[in-house]
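Trainee: Questions regarding the structure given below will be posed in turn.
The values are calculated or read from the model by the stated rules, or taken from the named source; none is laboratory data. Note that the structure is predicted; figures quoted are calculated from it, not measured. Neighbour counts are summed over all protein chains in view; Cβ atoms, including those assigned to glycine, are modelled from backbone coordinates with ideal geometry.
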Amino acid sequence: MARHLARTLSVGELWDVDNSGCTALHHCCRALWPDVVQSLVSRGGQALVEKQTHSLGKPGNWTALHSLADGRPCADNVAIAGMLINAMSKQALDKQSVRLNTALHHAASRGNTRLVELLIDRGAALDIQNFDSKCPADMSKKSHAEVTAILLRGGAPLWA
């Protein structure tokens, strides 16, 4: 049903934001539906992938990649992240939310080792500080030592 829905959305509906502040792409990323995400990305292109909204009642300016990185670590979210990253500009990879978090901040705080590695591979900035003056390595250091080690090997600073 989700695949059918993704194919039948009008161009305007691709961009619609629901009451929770999400587009269909945000929801499909969180639900870990790679084939539906691919369909939406192919229909909406770079601008849809880079669209920032208020996501799931959290502070605003989340891209679909922020939503995905804030979810549970698994193989599907790395595959979906690859699709999103391939469709976005390099600058969009480091877009910040209202709290100034990037997708890398979210992935690091969730302990998502594979997604952190993918984001580093694709050139995500390691030194961006958020609203609390924390960089991604600061977000992972208390409970995700493996992620912190990956970030530090990549040249990430520890600020907080």
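Trainee: So is L56 modelled with pLDDT of 95 or more and under 16 Å from the mean Cα position of the chain (by Cα) or not? Give the steps one after another, and end with the answer.
Mentor: Working: modelled with pLDDT of 95 or more: no; under 16 Å from the mean Cα position of the chain (by Cα): yes.
No: the conditions fail for L56.
Trainee: Here is a follow-up. Does D127 meet the test of being outside any loop (DSSP other than H, G, I, E, B), in contact (Cβ under 8 Å) with a residue 24 or more places away in the chain and acidic (D, E)?
Mentor: Working: outside any loop (DSSP other than H, G, I, E, B): no; in contact (Cβ under 8 Å) with a residue 24 or more places away in the chain: yes; acidic (D, E): yes.
When the stated conditions are applied, D127 does not pass them.
To keep it simple, each residue is scored yes or no on (1) touching a helix residue (DSSP H, G or I) at 6+ places or on another chain (Cβ under 8 Å); (2) within 17 Å of C29 (Cα to Cα).
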| position | (1), (2) |
| --- | --- |
| H66 | yes, yes |
| R72 | yes, yes |
| M83 | yes, yes |
| A87 | yes, yes |
| V98 | no, no |
| R110 | yes, yes |
| K134 | yes, no |
| E146 | yes, no |
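Trainee: Which ones in the stretch 10-45 are on the phi > 0 side of the Ramachandran plot and surrounded by fewer than 14 Cβ atoms within 10 Å (Cβ to Cβ)? Step through it out loud before you land on a result.
Mentor: To start, the set of residues in the stretch 10-45 that are on the phi > 0 side of the Ramachandran plot comprises 21, 32, 45.
Selection gives G45 alone.
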